[in-house]
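For reference, the structure is listed below as structure tokens.
The values are calculated or read from the model by the stated rules, or taken from the named source; none is laboratory data. Predicted, not measured: the structure shown is a model, and the values here were computed from it. Methodologically, a virtual Cβ is constructed for each residue, glycine included, from the backbone with ideal geometry; neighbour enumeration extends over all protein chains shown. Protein only, heavy atoms only, side chains kept; ligands, DNA and RNA dropped before computing areas. Shrake-Rupley method; radii C 1.70, N 1.55, O 1.52, S 1.80 Å.
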Amino acid sequence: MVDWLIVGAVSGLGPARIQQLLTHMEVDDLRQRLEHEKEALPLSKHLLQSLAIDYQKVDIALSWQQQAADHHLLCFSDPLYPPLLKQLTDPPTVLFLKGCIEALALPSLAIVGSRNASPGGLQVAYQLAAEMSSMGFSICSGMAMGIDGAAHKACVDHQGRTIAVLGTGIETIYPRKHRQLYHDIQQQGCILSEFWPDVEPFAGNFPKRNRIISGLSLGTLVVEACRKSGSLITARLAMEQGREVFAVPGSILGGYHQGCHDLLRDGAKLVETAADIVEELASLTAFHLEELRLHHHIQQDDVCDLPFSSLLASVGYETTTLDAVVEHSGKTIDLVLEQMLELELQGWVIAIPGGYVRVKRS
């Protein structure tokens with residue numbers, strides 16, 4: 001942990017550059033060179049002259065971690081570091097986390113949009129976040145005013161998991177109007193930041209956190225956005241990361257939805273209901289859960305024996321209607337409903353409008 005903190009506390013060395021250096025050496029070797037042999041690093045002379053380790057930052061981070069049981073430091077090599085985030089070219093070297101670390105294990109959907117959202121936009125964000133949360137997804141956003149806040153609030157109100165990625169230090173609540181939301185999120189999800197705990201709001205840091213929002217998520221949903229909306233940065237990053245992008249259409253008047261319409265023209269999936277999202281993410285969700293199982297060395301027998309195998313075989317990774325499950329399994333509808341509920345509780349399937357989707361491989 002200390003090796004990672006020291007590497008992360010070097011001024012003039014960003015996440016992308018750190019990852020480039022780690023392709024040539026281990027983190028302990030990188031720390032050794034930074035402290036004693038900077039000239040041996042494959043960097044320009046100008047950059048080498050600007051490198052300096054701020055050991056006070058390391059002390060601040062370790063002290064912060066010890067302040068409470070729900071304070072966590074996740075370095076890049078930590079087993080709990082999100083696997084999807086590791087796929088970025090510039091993943092955070094260290095993550096500061098407050099709250100329920102388990103929220104990172106769920107398949108996640110990012111929901112973003114306008115800070116000055118319309119009442120209709122807020123309602124749509126709230127409804128879709130609540131529905132996706134009820135289906136077992138965590139909802140990831142940036143705790144900004146508008147769409148972000150509505151998505152987080154829906155999860156809080158419906159006892160769902162949500163992840164707030166800050167553009168400030170983790171102890172800096174911004175905007176201040178979200179002070180209560182900030183505390184509520186920690187009870188059912190987590191607050192996340194790559195910045196040192198006491199970092200104050202700075203305009204240049206907010207776009208940086210967008211790559212984490214999209215990077216943690218299987219897909220990004222833009223609910224309401226004009227053409228200059230910052231949420232479009234998150235959507236663009238999601239595309240670059242190879243993740244799914246979704247957009248909610250809206251009125252052509254006023255320009256409040258132009259950004260969403262541009263995304264739809266560029267290939268984003270049009271969303272009217274949560275089912276539109278789940279159908280697209282079902283196979284990715286199954287892959288995510290399988291990768292998570294392997295990443296944490298969880299044996300299948302440790303999870304549970306394969307339940308109702310004939311019934312489970314009747315459910316696909318795309319929407320399967322109840323009638324199709326009944327016909328394929330040969331069971332009565334009453335027994336199917338009873339056993340499907342058990343499968344849903346065990347996390348094998350999720351119920352969506354129109355039927356069921358399988359989310360875990362046997």
Response to the item:
Here the qualifying pairs (Cβ atoms under 6 Å; residues six or more apart or on different chains; first in region 328-343 and at pLDDT below 85; second of a type in the set (Gly, Ala, Ser) and open to solvent by less than 80 Å² (accessible area, probe 1.4 Å)) come out as HIS328/SER314; SER329/SER310; SER329/SER314
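Matching residues to (1) β-branched (Val, Ile, Thr); (2) on the phi < 0 side of the Ramachandran plot:
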{"residue": "ARG31", "(1), (2)": "no, yes"}
{"residue": "LEU34", "(1), (2)": "no, yes"}
{"residue": "LEU41", "(1), (2)": "no, yes"}
{"residue": "ILE53", "(1), (2)": "yes, yes"}
{"residue": "VAL58", "(1), (2)": "yes, yes"}
{"residue": "HIS72", "(1), (2)": "no, yes"}
{"residue": "LEU88", "(1), (2)": "no, yes"}
{"residue": "GLY99", "(1), (2)": "no, no"}
{"residue": "ARG115", "(1), (2)": "no, yes"}
Discussion item. Return the residues of region 84-98 that are in contact with a Gly (Cβ under 8 Å, 6 or more places away or on another chain), over 14 Å from ALA238 (Cβ atoms), open to solvent by 10 Å² or more (accessible area, probe 1.4 Å) and not β-branched (Val, Ile, Thr); say none if nothing qualifies.
Written reply: ASP90
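Among the residues of region 163-176, is there at least one that is over 20 Å from LEU74 (Cα atoms), surrounded by fewer than 24 Cβ atoms within 10 Å (Cβ to Cβ) and in contact with a helix residue (DSSP H, G or I) (Cβ under 6 Å, 6 or more places away or on another chain)? Give the derivation first.
Going residue by residue through region 163-176, those that are over 20 Å from LEU74 (Cα atoms) are 173-176.
Retained after the next criterion (residues that are surrounded by fewer than 24 Cβ atoms within 10 Å (Cβ to Cβ)): 173-176.
Now drop any that are not in contact with a helix residue (DSSP H, G or I) (Cβ under 6 Å, 6 or more places away or on another chain), which leaves 173.
Yes, some residue in region 163-176 is over 20 Å from LEU74 (Cα atoms), surrounded by fewer than 24 Cβ atoms within 10 Å (Cβ to Cβ) and in contact with a helix residue (DSSP H, G or I) (Cβ under 6 Å, 6 or more places away or on another chain).
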Worksheet entry | Residues of region 221-247 satisfying the condition of being touching a strand residue (DSSP E or B) at 6+ places or on another chain (Cβ under 7 Å), open to solvent by 10 Å² or more (accessible area, probe 1.4 Å) and part of a loop (DSSP other than H, G, I, E, B) | ARG243
Discussion item. Looking only at region 301-314, filter to residues that are open to solvent by 70 Å² or more (accessible area, probe 1.4 Å) and part of a loop (DSSP other than H, G, I, E, B); which one of those is modelled with the highest pLDDT?
Written reply: PHE308
Worksheet item: Of everything in region 177-215 that's of a type in the set (A, V, I, L, M), modelled with pLDDT of 95 or more and more than 19 Å from TRP4 (Cβ to Cβ), which residue is surrounded by the fewest Cβ atoms within 10 Å (Cβ to Cβ)?
Response: LEU181
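Based on this model, can you work out whether LEU109 counts as closer than 15 Å to HIS72 by Cα, in contact (Cβ under 8 Å) with a residue 40 or more places away in the chain and under 18 Å from the mean Cα position of the chain (by Cα)? Give the steps one after another, and end with the answer.
On the way: closer than 15 Å to HIS72 by Cα: no; in contact (Cβ under 8 Å) with a residue 40 or more places away in the chain: yes; under 18 Å from the mean Cα position of the chain (by Cα): yes.
No, not satisfied.
Run down LEU253, LEU218 and say which single residue is touching a helix residue (DSSP H, G or I) at 6+ places or on another chain (Cβ under 8 Å) and either crowded, with 24+ Cβ neighbours inside 10 Å or not aromatic (Phe, Trp, Tyr) (or both). Walk me through how you get there before you give the answer.
Values: LEU253 fails: touching a helix residue (DSSP H, G or I) at 6+ places or on another chain (Cβ under 8 Å).
Selected residue: LEU218, the only one of LEU253, LEU218 that is touching a helix residue (DSSP H, G or I) at 6+ places or on another chain (Cβ under 8 Å) and either crowded, with 24+ Cβ neighbours inside 10 Å or not aromatic (Phe, Trp, Tyr) (or both).
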Response to the item:
In region 127-161, anything open to solvent by less than 10 Å² (accessible area, probe 1.4 Å) and among the β-branched types (Val, Ile, Thr) is listed as ILE139, ILE147
Fill in: Selection within region 101-126 - hydrophobic (A, V, I, L, M, F, W, C), at pLDDT below 95, part of a helix (DSSP H, G or I) and open to solvent by 10 Å² or more (accessible area, probe 1.4 Å)
ILE101, LEU104, ALA105
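For (1) assigned to a loop (DSSP other than H, G, I, E, B); (2) hydrophobic (A, V, I, L, M, F, W, C), each residue gets a yes or a no:
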position: GLY316; (1), (2): yes, no
position: HIS328; (1), (2): no, no
position: LEU335; (1), (2): no, yes
position: MET340; (1), (2): no, yes
position: TYR356; (1), (2): no, no
Worksheet item: How about region 11-83: which helices (runs of 4 or more DSSP H) wholly inside it have at least 2 residues that are charged (D, E, K, R) and open to solvent by 40 Å² or more (accessible area, probe 1.4 Å)?
Response: 27-36, 55-65
Worksheet item: Is it true that THR162 is under 17 Å from PHE195 (Cβ atoms) and in contact with a strand residue (DSSP E or B) (Cβ under 9 Å, 6 or more places away or on another chain)?
Response: no
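Take the residues in region 192-220 that are assigned to a strand (DSSP E or B) and over 22 Å from GLU280 (Cβ atoms), then tell me which one is nearest to the chain's Cα centre (by Cα). Break it down into steps so the answer makes sense when it comes.
Restricting attention to region 192-220, the residues satisfying the condition of being assigned to a strand (DSSP E or B) are 192-193, 219-220.
In the following step, the residues that additionally are over 22 Å from GLU280 (Cβ atoms) were identified as 192-193.
Numbers: LEU192: 10, SER193: 12 Å.
Within region 192-220, the match that is nearest to the chain's Cα centre (by Cα) is LEU192.
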